[in-house]
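Structure record follows, encoded as structure tokens.
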Amino acid sequence: MDSLKRLKETRTLEAAMSGEPFQAWVFLSPLGCRWDERNLRRAFYKVLETAELRRVRFHDLRHTHVSMLIQTTAPAKYIQEQLGHASIQVTMDVYGHSYGGEYRHFVSRLMGRRRGSPHPHRTLRRLWSEQATQVD
């Protein structure tokens with residue numbers, strides 16, 4: 001955060017000295033202006049090419065970042081806030097599939113199952129058939 005504060009102070013002084021308006025953007029083009037979408041994309045693709053990395057969309061970085069946060073078990077609420085989504089529902093609608101099945105053990109706990117214990121549906125079927133035979 002200190003780096004951003006220093007950058008803001010430097011740019012404020014530079015703007016005052018040059019008479020140019022202060023640019024609030026962190027990443028500026030070589031001309032000192034905000035990057036427009038087309039030029040940002042071209043610069044991004046050039047960096048990928050120079051680094052000999054496969055070409056991906058700039059927006060894919062956002063999805064990669066979220067996937068990495070999910071893998072590190074970052075709370076969904078934190079991810080929502082980082083993305084600027086209005087609600088957790090939006091975040092889960094877009095990224096819910098990334099959570100996979102790693103939380104199935106919670107459902108098993110709710111059902112009182114432990115590893116190696118019989119599946120609750122099988123237990124219910126067995127109890128049902130025992131009840132049915134007792135009635136006959």
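The values are calculated or read from the model by the stated rules, or taken from the named source; none is laboratory data. It should be emphasised that the depicted structure is a prediction, and the values quoted were computed from it without experimental measurement. Quick reminder, even Gly has a Cβ in these numbers, built from the backbone with ideal geometry, and neighbours come from all protein chains shown.
Miscellaneous remarks
- Residue in segment 54-66 that is farther than 30 Å from GLN89 by Cβ and out of contact with any strand residue (DSSP E or B) (no Cβ under 8 Å at 6 or more places or on another chain) present: yes
- Residue check for GLU14: within 23 Å of the chain's Cα centre (by Cα) and surrounded by 11 or more Cβ atoms within 10 Å (Cβ to Cβ): no
- Residue ID - nearest to HIS85 (Cα to Cα), chosen from residues in segment 43-68 that are of a type in the set (A, V, I, L, M, F, W, C) and in a helix (DSSP H, G or I): VAL66
- Residue selected from segment 1-42 under the condition among the charged types (D, E, K, R) and not in a helix (DSSP H, G or I), by the criterion nearest to LEU61 (Cα to Cα): ASP36
- On inspection, ARG62 qualifies as surrounded by 10 or more Cβ atoms within 10 Å (Cβ to Cβ), at negative phi, within 21 Å of the chain's Cα centre (by Cα) and in the same structural domain as MET92 (by TED's automatic domain parsing).
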